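What follows is a single structure, written as structure tokens, with notes after it.
The numbers here are math on the coordinates, done by the rules we state, and not lab data. From a predicted model like this one, the values you see are computed outputs, not experimental measurements. All Cβ positions, even for glycine, are placed from backbone atoms using ideal geometry, and neighbour counts span all protein chains on display.
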Amino acid sequence: MTEAYDAMNDHAGKVQCFKKLHLLCNDCDDSSEKAWQNLILAKTLSTQNRFLEASLFYELAIDIVEKNGDAKGEAICRRTLAVLLYTLGEYRTGKEHQEKALALTMKIGDKEGEASSYGNLGAFFHLLGNYEKAREYQEKALAIGIEIGDKQGVAASYGNLGTLFRLLGNYEKAREYQEKALAIRIEIGDKQGEAASYGNLGTLFRLLGNYEEAREYQEKALAIRIEIGDKQGEAASYGNLGTLFQSLGNYEKAREADDYLEKARAIRIEIGDKPGEAADYGFLGDISCQSGLYDKAQECYKESLVIHTEIGERKGEALSYADLAACSYSLSKYDVAEDYYQKALSLSKDIGLNLEVFQILCNLTVLKLSQCNPEEAFLYLYQSIEKFDTLRGFLKDTDRFKTSLLERHGTFPFKLLSNLLCATGKPQDALYVEELMRARGLADLMAARYSAEIQISGNPHSWCGIQKIIKETECTCLYTSVAKGDVRFWIKKATGVVRFSRKKVSLHTDVVPELVPDLDEFLRKSFGDPAKDITEKNLLFFYNIIIAPVAHLLKQPEIIIVPDSCMYQVPFAALTDQEGKRLSSTFRIRIVPSLTTLKLIQDSPPDYHSQTGALIVGDPKVGVVMYKDRRKEIRPLPYARKEAEMIGKLLGVTPLIGDRAKKQTVLQAINSAGLIHFAAHGFVERGEIVLSPEYATNHVPPREESYLLTMEDISKTQLHAKLVVLSCCHSARGQVKTEGVIGIARAFLGSGARSVLAARWALEDEATEQFMTRFYEHLFHGQSASESLHEARMWMRNNGFDEVTQWATFVLIGDNVTFDFGKWPGSSTP
């Protein structure tokens with residue numbers, strides 16, 4: 001009978017039919033039939049967005065199957081009810097039902113149900129801001145799906161993980177997972193899932209600013225949904241296309257966006273998709289806001305709020321209040337905005353939406369500053385930073401997630417708080433805030449290696465002890481922070497005294513010929529191409545910005561620089577003063593990613609780092625390999641071979657050269673060595689190192705995993721090296737993030753290395769061999785790594801290698817180490 005109502009799309013008639021059947025079932029003795037009718041009636045009510053009524057029938061079904069001891073039926077009912085509670089924003093109650101469903105499925109060995117429960121729990125933890133737990137459950141769902149051959153479930157898990165990575169800003173991983181989901185769905189003919197994957201990829205490419213590809217994917221999704229008659233999906237595609245055109249910003253595209261969103265809304269009204277209709281009103285409000293039509297935006301946001309409240313969708317209700325607050329703020333209605341923000345904050349806290357709570361606290365900070373109320377602004381700002389720490393805590397040891405979270409969400413409050421503290425005469429507190437941004441992910445990795453605890457956190461009560469980190473009397477620490485128009489400096493010495501200074505900087509067209517950018521953006525893009533950027537004019541200009549304002553405070557022979565992330569490409573050693581004198585002519589120079597990482601190295605267990613033993617790798621035999629799905633020939637490096645042989649002879653160690661320098665061989669030897677040296681090719685993106693591959697018998701060129709020593713490979717090791725020398729092109733390079741440079745050098749520090757010597761740019765073979773010969777001569781005779789680097793630079797400049805790219809490419813990162821080679825077996829005086 002109900003099939004007839006389905007054919008007529010008459011959901012109301014279907015409900016009435018089931019209610020009559022329900023009444024009849026109440027008079028019968030078959031409790032299983034009663035449970036089944038309650039479940040079907042609940043699902044039918046859900047399709048009409050009558051969620052509260054639906055939840056009552058789910059509860060009735062659960063009561064019956066629980067009394068009958070029907071574990072599988074109970075698990076199904078609880079799992080379905082949990083999804084409904086998810087829609088209603090009742091996340092904690094929904095999570096409890098999912099956990100009970102999971103326990104039941106595990107008890108009866110229902111693997112498919114277990115995977116489904118893990119996936120749903122992953123979605124709950126995702127919404128609650130516990131991203132590590134979300135990832136754990138989604139990966140469990142994925143593993144079970146692979147084990148039982150449930151390709152549809154595997155595709156769903158890949159899609160969910162892709163969405164999780166996207167929201168954290170890890171777009172590379174997001175794309176990989178969404179493309180895996182898409183491939184499976186095409187293979188098994190899941191057209192609805194295929195459309196969903198296209199839509200997810202479209203959203204990802206929109207966030208990356210690749211609007212043409214984003215449009216192509218969204219239009220593919222739309223075409224499939226129209227073809228299969230998926231009206232709800234069709235509306236979603238129109239909504240996504242509307243959002244895409246909204247991102248383009250100009251008037252014509254805004255009109256197209258408006259048209260798409262109206263189409264989406266019309267379909268959703270037709271099929272009774274209330275959550276979708278509310279979402280479209282929100283998007284229309286966003287378009288109106290961007291166009292400055294704030295009154296129209298408010299109308300749209302209020303419509304969205306009414307629907308969310310009507311259907312009990314609490315997350316949507318909270319977001320609508322936040323949208324209304326932002327709109328009211330744009331109209332300078334600060335009291336009204338605050339009222340809306342407080343409602344959004346209260347709901348978000350109640351539901352447990354940690355990320356939304358964090359964002360609202362940031363917005364309240366800005367609001368209070370606009371009201372000239374710094375006391376309350378500081379209060380909200382401190383709360384937002386503590387909430388951010390909560391979010392970081394959920395991620396545990398997932399370094400990539402922590403880095404993405406900071407880059408996507410965390411930079412703003414930390415930068416703002418540091419600026420405000422400096423402006424209000426509290427530079428010491430500002431320095432602690434800067435530390436909360438600098439290399440925190442790296443510090444977590446190092447702390448895990450050294451079994452240490454990190455004391456500093458978002459709680460201001462933990463902000464103490466930073467004055468005692470610099471212990472070497474011959475060193476001055478130069479700590480820098482760059483904003484849009486100024487540079488801030490903290491000068492620290494072993495005495496514990498901290499001096500603070502600030503310099504305003506204006507970029508003029510004689511320095512920057514194109515459109516004048518913000519200072520931090522200008523610094524970030526400088527020195528990426530040494531052939532073009534290393535000029536005496538640039539080196540003087542950067543000296544005047546970074547060194548000249550505090551030159552009178554730099555009295556000790558060594559400078560430890562803690563650069564802002566935008567400064568990592570600056571060749572500090574080559575900076576030149578007004579008289580043409582290089583900075584490295586006067587000072588030894590090394591870099592530390594943060595004071596916290598320096599403290600972790602200094603406080604590491606005395607017996608942690610190996611005092612003897614070396615791993616020397618030179619000129620691995622590579623040949624033709626596959627790199628990014630293309631054949632690439634890796635040519636030999638004869639000078640790198642000579643370099644490795646020279647160091648091996650000096651230290652009494654047989655180097656791994658040619659086809660002996662295989663990746664697996666290197667990884668087996670790397671953990672115990674006190675000194676590690678690579679003289680090999682390095683790739684430009686992250687400085688990852690090319691080793692000799694294991695060659696297959698079928699003569700197919702080896703793929704990356706066979707020959708490329710990656711950051712991930714190093715992160716799985718337990719290094720005990722005092723010094724790692726990366727005599728490889730670009731080994732100090734990587735993605736420049738707020739966290740710092742995410743590259744191979746960072747990976748070595750995070751895995752336990754005390755100090756890393758790495759190259760900023762491509763290397764010249766002969767110059768590098770000469771440089772390393774001088775560096776190791778001084779290191780062998782008992783000088784520190786910093787002194788040896790300084791002496792090697794001076795020798796190069798005085799002996800015909802005076803181009804900056806020949807002598808200034810290497811940078812020492814981390815601690816200053818020495819070796820007693822007299823205790824090494826087999827070492828010989830050069």
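Hey, what's the per residue convex hull volume over the C-alpha atoms of region 92-197, in cubic angstrom? Don't jump to the answer; show the numbers that get you there.
Numbers: hull volume 9.6 nm³, N = 106.
Dividing the Cα hull volume of region 92-197 by its residue count gives 90 Å³.
Report the one residue of PRO620, HIS609, THR586 whose Cα lies farthest in the direction of the positive end of the charge dipole of the chain (charges on C-beta: Lys and Arg +1, Asp and Glu -1; origin at the Cα centre).
In the chain, that residue is THR586.
Averaging sequence separations of C-alpha pairs under 8 Å and six or more residues apart, then dividing by the length of region 590-646, give the relative contact order as a whole percent.
Working: 32 pairs, mean separation 15.3, N = 57.
Averaging sequence separation for qualifying contacts and normalising by length gives 27 percent for region 590-646.
Among all the lysines, which ones have a C-alpha under 25 Å from LYS368's C-alpha, if same-chain residues fewer than 8 places away are not counted?
Within the straight-line cut-off, LYS368 pairs with LYS302, LYS315, LYS333, LYS343, LYS349, LYS387, LYS415, LYS426, LYS484.
To make sure I understand, if each residue's beta carbon is the centre and we count other beta carbons within 10 Å, what order do SER384, SER715 fall in, fewest to most? Walk me through the numbers before you get to the answer.
Details: SER384 27, SER715 16.
Listing SER384, SER715 from fewest to most nearby Cβ atoms yields SER715, SER384.
Across 10 Å bins from 0, what is the distribution of all Cα-Cα pair distances for region 66-122, in whole percents?
30, 55, 15, 0
Can you list the lysines whose alpha carbon sits under 19 Å from that of LYS649, skipping same-chain ones fewer than 8 residues off?
Qualifying lysines at Cα under 19 Å: LYS823.
Decide, for region 612-823, between rounded, prolate and oblate: order the square roots of the alpha carbon gyration tensor eigenvalues as a ≥ b ≥ c, take rounded if a/c falls under 1.5, and otherwise choose prolate if a/b is larger than b/c, else oblate.
rounded
Using the Cα gyration tensor of region 401-494, with a ≥ b ≥ c the square roots of its eigenvalues, what is the shape: rounded (a/c below 1.5), prolate (a/b larger than b/c) or oblate (neither)?
Cα axes put region 401-494 in the oblate bin.
What is the magnitude of the charge dipole of the chain about its Cα centre, with +1 placed on the Cβ of each Lys and Arg, -1 on the Cβ of each Asp and Glu, and no other charges, expressed in debye to the nearest 20? It would help to have the intermediate numbers written out before the result.
Numbers: 100 positive and 113 negative charges, 480 e Å.
Approximately 2300 debye in magnitude.
Go from 0 up to the bin containing the longest alpha carbon distance in region 582-708, width 5 Å each, and give me the % of pairs per bin.
Cα pair-distance distribution for region 582-708, in percent: 2, 10, 16, 17, 15, 15, 13, 8, 4, 1, 0, 0.
Please enumerate, by chain and number, the lysines with C-alpha under 27 Å from the C-alpha of LYS581, excluding those fewer than 8 residues away in the same chain.
LYS492, LYS493, LYS503, LYS504, LYS525, LYS532, LYS537, LYS555
May I have the pair-distance distribution P(r) for the chain, computed from all Cα-Cα distances with 10 Å bins from 0 and rounded to whole percent?
Histogram of Cα-Cα distances, whole percents per bin: 2, 11, 19, 22, 18, 14, 8, 4, 1, 0, 0.
What is the Cα coordinate range of region 137-197 on the first, second and third principal axes, sorted by size from largest, in whole angstrom?
Each principal axis gives a Cα extent; for region 137-197 these are 29, 24, 14 Å.
Residue by residue, what Karplus-based ³J(HN,Hα) values in Hz, rounded to whole numbers, does region 272-281 have, using 6.51, -1.76 and 1.60 with θ = phi - 60° and x for Gly and Pro?
Karplus values, whole Hz, x for Gly and Pro: x, 7, 5, x, x, 4, 5, 4, 5, 4.
In vacuum, with every alpha carbon of region 254-309 counted as one equal point scatterer, what does the Debye formula give for log10 I(q)/I(0) at q = 0.18, 0.30 Å⁻¹? Two decimals, please.
Summing over Cα pairs of region 254-309 leads to -0.53, -1.16.
Choose one of VAL357, GLN192, TYR450: the residue whose Cα lies farthest towards the positive end of the charge dipole of the chain (beta-carbon charges +1 Lys, Arg; -1 Asp, Glu; about the Cα centre).
TYR450
If you take the Cα Rg of region 291-392 and divide it by 2.2 N^0.38 Å, with N the number of residues, what do you get?
1.07
Cα centroids of region 412-482 and region 92-110: how far apart, whole angstrom?
43
Considering only the chain, what is the antiparallel percent among its DSSP beta bridges, to the nearest 5?
Values: 31 of 58 bridges.
Here the share of antiparallel DSSP bridges comes out near 55 percent.
Starting at the first residue of region 581-598, write each ³J(HN,Hα) from the Karplus equation 6.51 cos²θ - 1.76 cosθ + 1.60 with θ = phi - 60°, in whole Hz, x for Gly and Pro.
For region 581-598, the Karplus curve yields 8, 6, 4, 6, 6, 9, 10, 7, 9, 9, 10, 10, x, 6, 5, 5, 5, 5 Hz.
Counting other beta carbons within 10 Å of each residue's own, what order do HIS681, HIS461 fall into, fewest first? Intermediate results must be reported in sequence, preceding the final value.
Numbers: HIS681 22, HIS461 6.
Fewest to most other Cβ atoms nearby, the residues stand as HIS461, HIS681.
When you have a sec, figure out the Kirkwood radius of region 135-262 from all distinct Cα pair distances and drop it here in Å to one decimal?
14.9
Go through GLY752, LEU167, ASN816 and say which Cα lies farthest out towards the positive end of the charge dipole of the chain; charges sit on Cβ, +1 for Lys and Arg, -1 for Asp and Glu.
Going by the charge dipole, the pick is ASN816.
For the chain, calculate the relative contact order in percent as a whole number, restricting contacts to Cα pairs under 8 Å that are 6 or more residues apart. Before the final figure, lay out each step's value.
Details: 1506 pairs, mean separation 56.1, N = 830.
Computed over the chain, the figure is 7 percent.
Using a/c under 1.5 as the rounded threshold, could you call region 201-314 rounded, prolate or oblate? The axes a ≥ b ≥ c are square roots of the C-alpha gyration tensor eigenvalues, and prolate needs a/b larger than b/c, oblate otherwise.
oblate
Using the Karplus curve 6.51 cos²θ - 1.76 cosθ + 1.60 with θ = phi - 60°, what ³J(HN,Hα) values do you get for each residue of region 469-483, in whole Hz, with x for Gly and Pro?
Values, residue by residue: 6, 6, 10, 7, 5, 8, 10, 10, 9, 10, 9, 10, 9, 10, 10 Hz.
Give me, ordered by chain and number, the residues 5 or more places off VAL505 or on other chains with an amide H under 5 Å from its own placed amide H.
ASP486, VAL487
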